[in-house]
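Coordinate-derived values only; no laboratory data. These numbers come from a predicted model, not from an experiment. Ideal geometry is used to build each Cβ from the backbone, glycine not excepted, and the neighbour counts take in all protein chains shown.
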Amino acid sequence: MTIHIGAQQGDIAETVLMPGDPYRAKWAAENFLQNAQLVNEVRGMLGYTGSWNGHRVTIQGSGMGMPSLSIYANELIRDFGAKTLIRIGSCGGMQPQVKLRDVILAMTATTLSSPSHSIFKEVNFAPAADWSLLQAAVQAAQSREIGIHVGCIYSSDTFYDERPDLNEQMVRHGILGVEMEAAELYTLAARYQCRALAVLTVSDHLGTGEALPSDQRERSFGDMVEIALEAAFA
Ligand code: HPA
């Protein structure tokens with residue numbers, strides 16, 4: 001047990017999928033894993049371990065934002081031995097070619113600050129996905145009828161952003177979408193020699209103001225779970 005994860009040693013698999021929303025963790029465990037067992041409910045941040053095609057998998061909520069994800073990812077890696085961590089979540093589209101329901105596989109995650117920022121001092125560390133996971137996820141995504149984009153995203157600290165100028169610079173520099181967790185996940189994976197990837201569904205678009213209705217969010221979420229699982233065990 002750790003401060004934020006009530007699981008026993010051995011309860012957590014080496015492969016962990018991390019949705020932001022704990023109820024998505026429950027939904028994914030119930031719909032995609034066999035014999036899923038609840039392994040964490042501290043603070044309602046649900047985590048389940050079960051199996052997929054014979055492989056052990058944990059699905060643990062991360063909460064929203066890098067400080068929250070950082071707590072869970074640190075404990076999963078350092079205390080429970082997680083080796084492959086895949087964020088599955090939503091993002092806001094930033095480029096015109098990025099449409100609602102498309103999936104973005106995040107090659108890099110630019111950020112203004114993350115919980116790891118202070119250790120780099122003047123250096124701008126470049127958080128990047130694990131290449132083997134990224135490559136496998138591209139293959140898994142290409143076999144589906146969904147639009148996919150592979151490229152760079154922005155991990156913001158704010159959902160209700162008061163700096164439109166920053167978003168403009170992100171768009172100008174080809175950033176595909178914005179979310180709030182991947183940069184810290186990639187940085188921790190680099191620090192502890194783990195593999196990490198963010199698989200993201202475009203749930204809204206900053207340019208057009210469109211947003212996915214909630215019934216379509218569930219279907220898109222299922223695509224992401226399958227892409228993440230196929231990539232993890234490719
Ligand atoms: N901003 C930040 N995070 C997000 C967004 C957004 O527009 N959409 C989904 N996650």
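Listed by chain and number, the lysines whose C-alpha is less than 26 Å from the C-alpha of K26, apart from same-chain residues fewer than 8 away, are K83. Candidates G174, Q193, Q142 compared by Cα position along the dipole of the chain: farthest toward the positive end lies Q193, with charges placed on Cβ. Under the simplified labelling scheme, the E41-M64 pair shows an inter-label distance of 2.4 nm, with each label point 7 Å from Cα along Cα→Cβ. Couplings for segment 188-199, taken from phi via the Karplus curve 6.51 cos²θ - 1.76 cosθ + 1.60 with θ = phi - 60°, read 5, 4, 5, 5, 10, 6, 10, 9, 9, 8, 10, 10 Hz in order; Gly and Pro are left as x. Judged by the ratio a/c of the largest to the smallest principal axis of the C-alpha gyration tensor, segment 163-210 counts as prolate, that ratio being 1.5 or greater while a/b is larger than b/c.
Simple point charges give the picture: +1 on the Cβ of Lys and Arg, -1 on the Cβ of Asp and Glu, and for the chain a dipole about the Cα centre of about 420 debye.
Kindly put Y160, Y48, Y23 in sequence by how many other C-beta atoms sit within 10 Å of each C-beta, fewest to most.
Values: Y160 4, Y48 25, Y23 11.
The fewest-first ordering by Cβ neighbours comes to Y160, Y23, Y48.
Helical runs assigned H by DSSP (4 residues or longer) give the chain a calculated mean residue ellipticity at 222 nm of -10000 deg cm²/dmol, each run adding -39500 (n - 2.57) before division by the residue total.
Given contacts defined as C-alpha pairs under 8 Å and at least six residues apart, what's the relative contact order of the chain, whole-number percent? Before the final figure, lay out the partial values.
Working: 517 pairs, mean separation 59.4, N = 234.
Worked out over the chain, it gives 25 percent.
Compared with the direct C-alpha span, the chain from Q216 to D157 gains 18.7 nm at full extension, assuming 0.36 nm per residue. Looking at the chain, what % of its DSSP beta bridges pair antiparallel, to the nearest 5? Beta bridges within the chain, antiparallel portion: roughly 40 percent.
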